[in-house]
Structure formats: C-alpha cells, structure tokens
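Q: What follows is a single structure, and I will ask about it in a moment.
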Amino acid sequence: MKAIITTLALVILCTLSARAQKVFSVDYESQADVKVFVVKYESQADLKVFKQKYESNARGNEGDWFFVKYDSQADKKIFFVKYESQADLKIFFVDYESQAGWKKNSKKHLMY
C-alpha cells in the first residue's frame with residue numbers, strides 16, 4: 001500500500017512539473033532568475049524556444065514557453081540583455097513546436 005501511494009505521489013509530481021514552462025519578462029536585470037540573449041542564428045543558441053499561445057500547450061523544460069502576464073505566475077523570470085556577453089542563456093525563437101529544444105544540455109539547469 002505504501003509503495004502504491006509513493007508511486008502515485010511521484011506520478012502527480014511529474015505531471016505537475018511537466019506543465020508549462022511559464023516565463024515572465026522583467027524590466028530590470030536584478031529581478032531576473034536568468035539573463036537571456038536572442039541570437040540571430042539557430043546555430044548560436046543554447047536553447048531553441050517556441051512561444052506557446054496557451055499555457056496548457058506548453059511542455060516543461062523543453063523550450064516551449066508561455067509568457068505570463070504577472071511575475072507571480074512565472075516559473076522563471078527572465079531579462080533580455082543587449083549584448084551576448086551579458087547572457088546566461090542564448091535562445092533562438094523557432095516557428096514550429098517540433099523545432100524547440102535544448103542544443104546545449106549544460107545550460108539546462110538554468111530553467112529548472
């Protein structure tokens with residue numbers, strides 16, 4: 001019985017963590033969890049990001065982002081920097097959901 005409850009709890013936690021990767025763009029660098037720079041070319045990116053229209057469509061830490069209206073709703077607060085050298089994470093926005101994903105797993109921890 002204890003094993004069933006533990007397994008059920010793990011399934012619920014995994015389901016909750018697989019929800020949307022909700023992000024909020026802050027106005028000041030000091031408010032951000034992650035500093036982000038948008039690169040011009042896909043090959044320069046650490047992460048390829050697809051902007052979801054609906055929160056329910058977004059996946060966890062796989063590059064599907066849903067931009068929320070309020071910082072309290074966000075999983076991560078990001079700040080878009082002007083220069084690549086200032087960034088913790090370099091992203092490239094893609095046109096299709098299937099293109100989203102990590103190119104450099106070494107940076108994956110930034111969005112957990």
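Q: Just the residues that are under 11 Å from the mean Cα position of the chain (by Cα) and within 14 Å of W102 (Cβ to Cβ), please, taken from region 37-53.
A: Within region 37-53, L47, K48, V49, F50 meet the criteria.
Q: Sticking with this structure for a sec: Which residue, of S72, S25, S30, S56, is small (G, A, S), at pLDDT below 90 and more than 16 Å from G101 (Cβ to Cβ)?
A: Being small (G, A, S), at pLDDT below 90 and more than 16 Å from G101 (Cβ to Cβ) holds for just one of S72, S25, S30, S56, which is S56.
Q: Name the strands (runs of 3 or more DSSP E) wholly within region 40-112 that hold at least 1 residues that are farther than 19 Å from E29 by Cα and of a type in the set (A, V, I, L, M)?
A: Answer list for region 40-112: 47-51.
Q: Scanning for something of a type in the set (D, E, K, R) and in contact with an Asp or Glu (Cβ under 6 Å, 6 or more places away or on another chain), does region 73-88 turn up at least one residue?
A: As a first pass, look at region 73-88 and keep what is of a type in the set (D, E, K, R): 75-77, 82, 84, 88.
Keeping just the survivors that are in contact with an Asp or Glu (Cβ under 6 Å, 6 or more places away or on another chain) gives 76-77.
Yes.
Q: Restricting attention to region 38-93, which residues are aromatic (F, W, Y) and free of Cβ contacts under 8 Å to residues at least 24 places away in the same chain?
A: Residue satisfying the conditions is Y54 alone.
Q: Additional query: I want to confirm something. Restricting to region 3-22 and keeping residues that are at pLDDT 60 or above and surrounded by 10 or more Cβ atoms within 10 Å (Cβ to Cβ), which single residue is farthest from N61 (Cα to Cα)?
A: K22
Q: Next up: For region 95-112, how many residues meet the condition of being hydrophobic (A, V, I, L, M, F, W, C) and surrounded by fewer than 18 Cβ atoms within 10 Å (Cβ to Cβ)?
A: Here the count works out to 2.
Q: Under the condition of being out of contact with any Gly (no Cβ under 6 Å at 6 or more places or on another chain) and under 16 Å from F93 (Cβ atoms), which residue from region 63-72 is surrounded by the fewest Cβ atoms within 10 Å (Cβ to Cβ)? Can you show your working first?
A: To start, the set of residues in region 63-72 that are out of contact with any Gly (no Cβ under 6 Å at 6 or more places or on another chain) comprises 64-72.
From what's left, under 16 Å from F93 (Cβ atoms): 64-67.
On the way: D64: 18, W65: 24, F66: 22, F67: 15.
Result: F67.
Q: Oh, and also: Is it the case, given these coordinates, that Y83 is over 15 Å from Q99 (Cβ atoms), exposed (fewer than 13 other Cβ atoms within 10 Å of the Cβ) and modelled with pLDDT of 95 or more?
A: yes
The values are calculated or read from the model by the stated rules, or taken from the named source; none is laboratory data. Because the structure is a prediction, the values reported are computed rather than measured. Positions of Cβ are generated from backbone atoms using ideal geometry, with glycine treated the same way; all protein chains shown enter the neighbour counts.
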